[in-house]
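Asker: Submitted below is the structure of interest, expressed as structure tokens.
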Amino acid sequence: MDHIRDNVSALMASVPEGVIVVAAAKTRKPEEIMAAIDAGISHIGQNYVQEAEKSVSAIGRNTLCHFIGHLQKNKVKAAVRLFDLIETIDSVKIAQALDKECLEQNKEMTVLVEINSAGEDNKNGVKPEDAVMLIESISLCKNIKVKGLMTMGPFTATPDESRKFFKATRELFERISLMNIRNVEMKYLSMGMSGTYKVAIEEGADIVRIGEGIFGPRH
Ligand SMILES: *Cc1c(COP(=O)(O)O)cnc(C)c1O
């Protein structure tokens, strides 16, 4: 587990203060996640409800847990129970299901809206031109609070190719912020992964989601 400790130290040293590093933990064992926490990680990102359940039962809930996968309606109940922040809301339907379940569990959930910043077909996230309308609709949900945007950028892009999508997402973030929509706050901008986080931070990200850069290559 030494490599995890070294990676986290190097990463923390290279990331400006105020930027939250989320350890993207998909396929990692609880021991690996624990090593990252011991090294100073305080936010864990999970793509799958089932993996999050396993991790929580093995290591407890001593971190903030972000959901970064695609949320399915039949997982909403577990998601409300397990996560502190859901980064991937991209439809009114899933927002309403979440809202209803939050009421049930007497919990307020912080959410980010996922932007399909490259406008790719067959990709999760709302297209940039539909984001304002979606956020206005979600803002009516009383038990969830939109606090920012998340984007992946195109899968195959190099850091330099990613830059324009990060920039466009930040501009959207700023535009929405100026609209002062009730019950909506533009606080978090989650962009950038292991290969692209430096560019994402340059373009205004204050959450980066790092998997391989912390845990090493996925097997
Ligand atoms: C896996 C994953 C990451 C991290 O990717 P790496 O290239 O391993 O850093 C970030 N965001 C999401 C949504 C992911 O699924």
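Bear in mind that the values in this text are calculations on the coordinates, not laboratory data. Here the structure is a predicted model, which is why all the values come from computation and not from measurement. When we count neighbours, we look across all protein chains shown, and the Cβ atoms used for this are built from the backbone with ideal geometry, even at glycine.
Asker: Report the Stokes-Einstein translational diffusion coefficient (µm² s⁻¹, integer) for the stretch 121-219, Rh taken as the Kirkwood radius over Cα pairs, at 37 °C with viscosity 0.692 mPa s.
Answerer: Once the numbers are plugged in, D ends up at 228 µm²/s.
Asker: On a full-extension model of 0.36 nm per residue, what is the gain between T156 and S194, subtracting their alpha-carbon distance, rounded to one decimal in nm?
Answerer: Using 0.36 nm per residue and subtracting the Cα-Cα distance, I get 12.4 nm.
Asker: Going by how many other beta carbons lie within 10 Å of each one, how would you line up L189, L98, L134, fewest first?
Answerer: L134, L98, L189
Asker: Greater than 29 Å separation of Cα atoms is the criterion. Which listed pairs, K123/K198; K100/K198; K54/K164; K73/K187, meet it?
Answerer: Check vs 29 Å cut-off fails for K100/K198; K54/K164.
Asker: Enumerate the calculated ³J(HN,Hα) couplings along the stretch 19-26 in order (Karplus 6.51 cos²θ - 1.76 cosθ + 1.60, θ = phi - 60°), each rounded to whole Hz, writing x wherever the residue is Gly or Pro.
Answerer: Rounded to whole hertz, the list is 8, 8, 9, 9, 7, 7, 9, 4.
Asker: Next question. Which value, to two decimals, describes the C-alpha radius of gyration of the chain once divided by 2.2 N^0.38 Å?
Answerer: Dividing the Cα Rg of the chain by 2.2 N^0.38 Å gives 0.97.
Asker: Could I ask something else about it? How far apart, in nm, are two points set 7 Å out from the Cα along the Cα-to-Cβ line at E171 and at Q105?
Answerer: Going from the E171 label point to the Q105 one covers 3.8 nm.
Asker: Counting other beta carbons within 10 Å of each residue's own, what order do H66, H43, H3, H219 fall into, fewest first?
Answerer: By the 10 Å Cβ count, ascending, the order reads H219, H3, H43, H66.
Asker: Moving on. How do D84, D99, D121 line up, fewest other C-beta atoms within 10 Å first?
Answerer: Ordered from fewest to most neighbouring Cβ atoms within 10 Å, D84, D99, D121 come out as D121, D84, D99.
Asker: Using the Kyte-Doolittle scale, find the helices of the chain whose mean hydropathy is at least -1.0 and whose Cα atoms extend 27 Å or more along the helix's long axis, counting only whole DSSP H runs.
Answerer: Going by DSSP H runs, the hits are 159-179.
Asker: Mind giving me the nanometre distance, one decimal, between the label points for K147 and I181, set 7 Å out from Cα along Cα→Cβ?
Answerer: With each label point 7 Å from Cα toward Cβ, the separation is 1.7 nm.
Asker: While we're on this one: Taking 25 Å as R0, compute the FRET efficiency from the Cβ-Cβ separation of I59 and L140 and round it to 0.05.
Answerer: Computed FRET efficiency for I59 and L140: 0.10.
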